[in-house]
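Visitor: Could you have a look at this structure, given as C-alpha cells, before my questions?
The values are calculated or read from the model by the stated rules, or taken from the named source; none is laboratory data. Every value quoted in this text rests on a predicted model; they were computed, and no experiment measured them. Counting neighbours? That spans all protein chains shown, and the Cβs are built from the backbone with ideal geometry, glycine included. Surface accessibility is based on the protein's heavy atoms, side chains included, excluding ligands, DNA and RNA. Shrake-Rupley method; radii C 1.70, N 1.55, O 1.52, S 1.80 Å.
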Amino acid sequence: EVELLQAGGGLIPPGGSVRLSCKASGFVLSNHWMHWVRQVPGKGLVWVARISYDGSRTDYADSVQGRFTVSRDNSHNILYLEMKTVRAEDTAVYYCVREGLLSGYGTWFDPWGQGTLVTVSS
Amino acid sequence: DIQMTQSPSSLSASVGDTVTMTCRASQHIVTYLNWYRQKPGRAPELLIYAASNLQTGVPSRFSGRGSVQDFTLTVAGVQADDSATYFCQQSFDSPQTFGPGTKLE
C-alpha cells in the first residue's frame, strides 16, 4: 500500500526550530517530486515547498523562503521539512504529499500524509 | 499567482441528491485542474485529476468537467459519507494554488 507516515511537530516557541519527517512506503521515493502543503485548522490549503527527484532543486513559497528547508534521503525513503525562525503565522497542520504526473495531464497530489500539527506559541 | 475561487462556499443535500459545485481560475489553466475531498479531521484525498479523470478507487458517482477557466465537480447520488469539504487545485503554474473549498453537508 502506498503510504506517507509523518512525524515531528508539536508546540514550538516563536523563533524556534523543528524538523518534520515523512516516511514513504509502497513506492520508490526517488521516482517522485515531493511537496509540503499546510493548512491552518478550519482554513484552506497552501503550498509550502517542493523538492525534485534527487534533491537538486527546491522551491519555496515566499512566506517561508529563507526559513524553511526541504530535503530528502532517498536511500531511506524519507522526506524532511526543517522549519527555522518560526512565527505564529506558521501554526498549521503540515502535510507531505507525493506528486503524480502524466504528460499532458498536469500534476496532482496523491497520496497525502496524515498531517502533523505545528503550533507556534510561547 | 493564479487565484482560484469556488462556489458555493457551502451547500446542503439529502442522500440521493445530485450536487454540482464550481471552481474558477483567474486565468486559463487548460485542464490542469484537480479536485480533492477532505473529511473532517482527515487529510485531503484526490478525487479527479486533469479536470475529468477519476482517480483509481474513487466511486463513479464523482465526475468532473470543464476547461480553460471554469470547472465543475458533480456528485450524483450523494451519500452520507460524502459530507466533506471539496477543494480544487490548479497545476498549470507554480505555485500550485487551491480554492477556498466548498463544504457539503
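Visitor: Consider segment B:32-63. How many of its residues are open to solvent by 10 Å² or more (accessible area, probe 1.4 Å) and not in a loop (DSSP other than H, G, I, E, B)?
Guide: Residues of segment B:32-63 that are open to solvent by 10 Å² or more (accessible area, probe 1.4 Å), as a first pass: B:32, B:37-43, B:45, B:49, B:52-61, B:63.
Now drop any that are not not in a loop (DSSP other than H, G, I, E, B), which leaves B:37-38, B:45, B:49, B:53-54, B:63.
So the answer is 7.
Visitor: For B:Val15, are the conditions met, namely being open to solvent by 50 Å² or more (accessible area, probe 1.4 Å), β-branched (Val, Ile, Thr), more than 23 Å from A:Val37 (Cα to Cα) and in a loop (DSSP other than H, G, I, E, B)? Walk me through how you get there before you give the answer.
Guide: Numbers: open to solvent by 50 Å² or more (accessible area, probe 1.4 Å): yes; β-branched (Val, Ile, Thr): yes; more than 23 Å from A:Val37 (Cα to Cα): yes; in a loop (DSSP other than H, G, I, E, B): yes.
When the stated conditions are applied, B:Val15 passes them.
Visitor: Give me the residue from segment B:93-105 that is in a loop (DSSP other than H, G, I, E, B) and within 7 Å of another protein chain (Cβ to nearest Cβ) and, out of that set, surrounded by the fewest Cβ atoms within 10 Å (Cβ to Cβ). So that I can check it myself, show each step before the final result.
Guide: Here is the first cut: in segment B:93-105, the residues in a loop (DSSP other than H, G, I, E, B) are B:93-96, B:99-101, B:105.
Okay, now just the ones that are also within 7 Å of another protein chain (Cβ to nearest Cβ), so B:94-96, B:100-101.
Details: B:Ser94: 13, B:Pro95: 18, B:Gln96: 24, B:Pro100: 16, B:Gly101: 23.
If we take residues in segment B:93-105 being in a loop (DSSP other than H, G, I, E, B) and within 7 Å of another protein chain (Cβ to nearest Cβ), then B:Ser94 is surrounded by the fewest Cβ atoms within 10 Å (Cβ to Cβ).
Visitor: Please verify whether B:Arg61 is over 28 Å from A:Asp59 (Cβ atoms) and either within 13 Å of another protein chain (Cβ to nearest Cβ) or out of contact with any His (no Cβ under 7 Å at 6 or more places or on another chain) (or both), treating the condition exactly as stated. Can you show your working first?
Guide: Details: over 28 Å from A:Asp59 (Cβ atoms): yes; either within 13 Å of another protein chain (Cβ to nearest Cβ) or out of contact with any His (no Cβ under 7 Å at 6 or more places or on another chain) (or both): yes.
Against the criterion (over 28 Å from A:Asp59 (Cβ atoms) and either within 13 Å of another protein chain (Cβ to nearest Cβ) or out of contact with any His (no Cβ under 7 Å at 6 or more places or on another chain) (or both)), B:Arg61 qualifies.
Visitor: Would you be able to say whether some residue in segment A:25-39 is surrounded by 14 or more Cβ atoms within 10 Å (Cβ to Cβ), within 12 Å of another protein chain (Cβ to nearest Cβ) and β-branched (Val, Ile, Thr)?
Guide: Yes.
Visitor: Moving on to the next point. What number of residues in segment B:65-92 are of a type outside the set (Val, Ile, Thr) and open to solvent by less than 10 Å² (accessible area, probe 1.4 Å)? It would help to see each step written out before you state the result.
Guide: Taking segment B:65-92 as the starting set, the residues that turn out to be of a type outside the set (Val, Ile, Thr) are B:65-67, B:69-71, B:73, B:76-77, B:79-84, B:86-92.
When the remaining residues are screened for being open to solvent by less than 10 Å² (accessible area, probe 1.4 Å), the result is B:71, B:73, B:82, B:84, B:86-90.
The qualifying residues number 9.
Visitor: Could I ask something else about it? Against the condition within 14 Å of chain A (Cβ to nearest Cβ) and among the hydroxyl-bearing types (Ser, Thr, Tyr), how does B:Ser10 come out, does it pass? It would help to see each step written out before you state the result.
Guide: On the way: within 14 Å of chain A (Cβ to nearest Cβ): yes; among the hydroxyl-bearing types (Ser, Thr, Tyr): yes.
Judged against the criteria, B:Ser10 is a match.
Visitor: Right, here's the next one. Name the residues in segment B:67-80 that are over 14 Å from B:Val19 (Cβ atoms) and modelled with pLDDT under 95, would you?
Guide: First, pick out the residues of segment B:67-80 that are over 14 Å from B:Val19 (Cβ atoms): B:67-71.
Hits for segment B:67-80 are B:Ser67, B:Val68.
Visitor: Which one of these does B:Ser94 not meet: (1) modelled with pLDDT of 95 or more; (2) closer than 17 Å to A:Val46 by Cα; (3) not acidic (Asp, Glu)?
Guide: Of (1) modelled with pLDDT of 95 or more; (2) closer than 17 Å to A:Val46 by Cα; (3) not acidic (Asp, Glu), only one is false for B:Ser94: (1).
Visitor: Specify the residue that is least open to solvent (accessible area, probe 1.4 Å); the eligible residues are those in segment A:91-108 that are more than 7 Å from every other protein chain (Cβ to nearest Cβ) and β-branched (Val, Ile, Thr).
Guide: Among those that are more than 7 Å from every other protein chain (Cβ to nearest Cβ) and β-branched (Val, Ile, Thr), it is A:Val97.
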